[in-house]
1. Only residues that are surrounded by 21 or more Cβ atoms within 10 Å (Cβ to Cβ) and in a helix (DSSP H, G or I): list them for the range 59-93, please.
2. If you take the residues in the range 153-191 that are modelled with pLDDT of 85 or more and of a type in the set (Gly, Ala, Ser), which one is farthest from Leu100 (Cα to Cα)?
3. Go through (1) modelled with pLDDT under 80; (2) assigned to a loop (DSSP other than H, G, I, E, B) for Asp44 and report which single condition fails.
4. If you take the residues of the range 169-184 that are open to solvent by 40 Å² or more (accessible area, probe 1.4 Å) and farther than 22 Å from Phe90 by Cα, which of them is nearest to the chain's Cα centre (by Cα)?
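The values are calculated or read from the model by the stated rules, or taken from the named source; none is laboratory data. All of these numbers come straight from a predicted model, not from anything done at the bench. Reconstructed Cβ throughout: ideal geometry from the backbone, glycine too, with neighbour counts over all protein chains shown. All accessible areas refer to the heavy atoms of the entire protein, side chains included, with ligands and DNA or RNA removed. Shrake-Rupley method; radii C 1.70, N 1.55, O 1.52, S 1.80 Å.
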Amino acid sequence: MMELKRNSSGNNNFRSIDSIILKFPQFKEGLKEIRGVFEKYDEDSNGTIDHEELKKCLHKLQFHVGEEEIDDLFYYCDMNENEGIQFNEFIVLLCLIYLLKDCSTSSNTTLKMELPQIDSTFNTIFEVFLFLDKNGDGKLKKKDVVKALNEASPWEKSPSHITRTRFKEMDWDRDGKVSFREFFFAFIKWVGIDSDDDGPEIQN
């Protein structure tokens with residue numbers, strides 16, 4: 001997936017962390033669109049989408065994936081392992097499906113009809129990840145994040161405690177590397193979209 005997006009996206013539009021922060025209001029509006037879809041498929045209104053609700057959602061959105069793929073997506077995005085997909089987790093799940101599907105498929109056409117800004121929102125967020133992924137291996141390391149935070153003004157470096165905090169917010173499993181999923185959960189929190197909770201609590 002990383003290689004596919006890197007090859008298709010061409011030049012990255014971001015040159016500094018400041019240029020990313022300036023787009024936070026646009027990210028926020030694009031991500032807030034998803035709340036309506038989440039509430040629509042959270043049929044019992046309990047704040048989570050269970051396995052059966054997810055299957056119905058993907059079917060309605062015309063994401064033609066097999067039972068095993070649905071299982072994998074569900075357990076991959078259920079970060080706090082409560083057997084339900086919370087709102088923030090649902091955003092990440094939709095993004096992963098969207099990026100894995102060819103842009104010409106009917107599933108993406110259906111999703112764009114429900115969420116007009118989804119195309120630019122998800123692709124731009126992926127560009128943010130690629131900006132941070134300095135060595136291009138699909139995993140963020142602390143040195144990548146430090147380099148990105150200091151890229152705009154190398155003579156005015158961010159305090160080390162700030163870069164440590166930012167990296168810790170992303171590295172939820174504390175393995176020293178940040179996957180796209182971990183990055184996206186942290187990024188949603190940084191953007192500050194409205195949600196009923198602060199995101200899943202990850203046990204160390």
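1. Correct list: Leu73, Cys77, Phe87, Asn88, Glu89, Phe90, Ile91, Val92, Leu93.
2. Gly176
3. The number of the failed condition is (1).
4. Lys177
Residues are listed down the side, and each one gets a yes or a no for (1) at pLDDT 85 or above; (2) farther than 22 Å from Phe184 by Cα; (3) aliphatic (A, V, I, L, M):
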position: Phe38; (1), (2), (3): yes, no, no
position: Asp50; (1), (2), (3): yes, no, no
position: Lys56; (1), (2), (3): yes, yes, no
position: Gly66; (1), (2), (3): no, yes, no
position: Glu83; (1), (2), (3): no, no, no
